[in-house]
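The values are calculated or read from the model by the stated rules, or taken from the named source; none is laboratory data. Since the structure is predicted, the reported quantities are computational estimates derived from the model, not experimental observations. Please note: Cβ atoms are built from the backbone with ideal geometry, for glycine as well, and neighbour counts cover all protein chains shown. These accessible areas exclude ligands, DNA and RNA; they are computed on the full protein's heavy atoms, side chains included. Shrake-Rupley method; radii C 1.70, N 1.55, O 1.52, S 1.80 Å.
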Amino acid sequence: MSKVQAPKPFGPCPTSRQLTWQRMGMYSFIHFTVNTFTGREWGDGTESPEIFNPSELDCDQWCSLLSETGFKGVIITAKHHDGFCLWPSQYTTHSVASSPWRNGQGDVVGELAKSARKYGLKLGIYLSPWDRHEPCYGSDAYNEHFKNQLREVLTNYGGDEIFEVWFDGACAEGPNGRRQIYAWDDYIAIIRELAPHAVIFSDAGPDIRWVGNEHGEAGATCWSKINRRDFAPGHADTAILNAGLINGMDWLPPEVDVSIRPGWFNHPHEDDQVHSLERLLDIWYHSVGRSACLNLNLPPDTRGLIHEKDAIRLRELKLVLDRTFAVDFAVRCSATASNSRGNDAAFSPSNLTDGNSATYWATDDDVFAAEAIVELGELQKVNVISLKEHTELGQRVATFDIEWRDAEGQWQRLDSATTISFSRILRTPTVVTDALKLKITDALACPCIEQFSAHYQPPVLVAPKIIHDRQGKIDWKVIAADSELDERHAKENAISEKDDLWISADTPYPHELVVDMGTSWTIEGFVYTPPEDREHSFGAVSHYRFFVGNSADQVNQLVAEGSFDNIINNPLPQTIRLDVPVLARYFRFVAVESAQSTRFACVKSLDVMA
Ligand code: FUL
């Protein structure tokens, strides 16, 4: 027993439920519903259950792939915004029970629960509070309905074993135009009762938070804490969600949810857009490596299988991570420090390299800046450094440097970073060295560091990029548009190859653009690319109308109208296919409604598919 007192916990600390979740590191999202069969990202609730008919659904294919490639759990969209239930709910007929799949006898959630158990994966449930089908949505009765469904899934599919319940912030009108006021406290109480080990995800926790974007990136500074009282599901500052708060009062670490493809649901035309290995590695280092968990979405296709291309990418990711982390050059190496708590062996720097997560190096209470040197014993090639704070005692380190010892014995800086928390994994330039130094330059309380590891990631071959030639666009002309703000945001930007935007006049909607394509094309559809940057995302368009015509003053034939789904959180190019292709020289894009209630509209680009 040590004679020196251990440091006192500092600020909010994780619960054991949160720690168990954090140790999982990576798990997967499965987005699957009627959208898989309609090609949409948000179903509107009018889809017939008849269309849900996967030809070869096999949860064992999903789970064996996931466990083989290092995933620890799987979260299924038991019900997405369209209201279609992947289990035969006794509270609605809008479910698999009304579909032709397995003659209405099937149960996707049940099959997944069984298969997950078989492959050693934990099960998570996504149950969308927003329900665009349920007639009672928007009334007190809906809260009862939702609670019944919650009880039903948590009871039928192994409550005790469920590791996460995922609450979506997306909320709008239901089928009768009413919005719901959700009974969050009741929902949470039901989960605590029936799934006591599950963490609850939302913009505001209570256990884990959304990371503020859907492109796979926790902040380079990432505090595991925020102030929950300032947020509610669907109402949170995305910058704070991303970086957390240095003095946050609640322990609420982020989950990075991101799809392996552009959309959340499988669309065959995205089979060639599965993220590259390079991109997946970035996502991994910017999530697991920034003290978040990674929830990577793998959407099954209409067969009910995870596509071969997605599977290959997961195996590649696993290979690189295995090669990188199989060897830790620092493990069991000797370590010294500028300060070690009470000079007591219990808090010695050798705890950094003992491979034991119960021990840590700590300094005296009044020491907030300190350094530890790890002697590697021989020259090693290093380009990845992995650190862990002993988060049972809170998050403390604010800034630090990593240094390496060169051939002349001089210390050189390898990297500087902010925040560590549960895990900080840095990719650095490659150095060959026999010693490394962790130099903590600022902390909120005496640092308590559990682990220092050094690795080498072999080079990853980058696939060649294919540049598409946008044939024909050269002769296009914008012949009408409402006046632009200034030259930088000119209407021509909407059809140019450049990154610039068209920003309409700052007057009430609608706004429109009329384009002369120079010659007639058989138009099969169009693509609206919204602004991707935060500043302009306010100009994203949510509802559109698309007209064509064959003379400049009569572009009046309405060939498509509708809404762009999930455009704020996932600002992807929106591809709209016409029901029937049409031959025309002119098109008119009308921005009918703004996604964020602004007056102006923004277009990064408009393309037609011909
Ligand atoms: C969002 C939803 O609107 C998307 O469709 C998707 O489910 C994503 C994970 O969360 O808020």
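Quick notes
- Accessible-area ranking of Arg315, Arg17, Arg341, largest first, probe 1.4 Å: Arg315, Arg17, Arg341
- When only the Cβ of Lys, Arg, Asp and Glu is charged (+1, +1, -1, -1), the dipole of the chain relative to its Cα centre reaches about 1000 debye.
- Accessible surface of the stretch 1-102, 1.4 Å probe, proportion on carbon and sulfur as whole %: 51 percent
- Charge tally around Ala195: other residues with Cβ under 12 Å, Lys/Arg +1 each, Asp/Glu -1 each, net -1.
- Neighbours of Asn570, meaning other residues whose beta-carbon lies under 9 angstrom from its beta-carbon, give a summed charge of -3 when Lys and Arg score +1 and Asp and Glu score -1.
- Radius 11 Å from Cβ of Thr353, net charge of other residues (Lys, Arg +1; Asp, Glu -1): -3
- For the stretch 367-437 versus the stretch 1-80, the inter-centroid distance based on Cα atoms is 32 Å.
- Nearby lysines by direct alpha-carbon distance to Lys477 (threshold 20 angstrom, same-chain neighbours under 8 apart not counted): Lys491, Lys498, Lys604
- Note on the chain: the alpha carbon radius of gyration divided by the globular reference 2.2 N^0.38 Å gives 1.05.
- With every protein chain in place, the stretch 178-240: carbon and sulfur % of accessible area (1.4 Å): 51 percent
- Amide H contacts under 5 Å for Gly562, placed H, 5+ residues apart: Tyr544
- Inter-centroid distance (Cα atoms) of the stretch 187-236 relative to the stretch 237-277, Å: 13 Å
- Per residue accessible area in Å² of the chain, where ligands, DNA and RNA are left out and the probe is 1.4 Å: 41 Å²
- Taking every alpha-carbon pair under 8 Å whose residues sit at least 6 apart, the stretch 231-326 reaches a relative contact order of 30 percent.
- Karplus-derived HN-Hα couplings along the stretch 583-597 (A = 6.51, B = -1.76, C = 1.60, θ = phi - 60°), whole Hz, x at Gly and Pro: 8, 7, 9, 10, 9, 10, 9, 10, 7, 8, 9, 8, 6, 10, 6
- The chain: relative contact order as a whole-number percent, Cα under 8 Å and 6+ apart: 11 percent
- When you count the other C-beta atoms within 10 angstrom of each residue and take the mean per peptide, 553-560, 394-401 line up highest first as 394-401, 553-560.
- For the stretch 304-410, the carbon plus sulfur part of the accessible surface works out to 50%, probe radius 1.4 Å.
- Relative contact order for the stretch 530-598, counting Cα pairs under 8 Å that sit 6 or more residues apart, in percent: 47 percent
- At an R0 of 56 angstrom, the distance between the Cβ atoms of Lys8 and Thr522 translates into a FRET efficiency of 0.20.
- Violating pairs (Cα-Cα greater than 31 angstrom) within the set Lys8/Lys122; Lys72/Lys225; Lys8/Lys439: Lys8/Lys122
- Order of exposure, largest accessible area first, which applies to Arg261, Arg303, Arg151 with probe 1.4 Å: Arg151, Arg303, Arg261
- Beta bridges by DSSP in the chain, antiparallel share as percent, to the nearest 5: 75 percent
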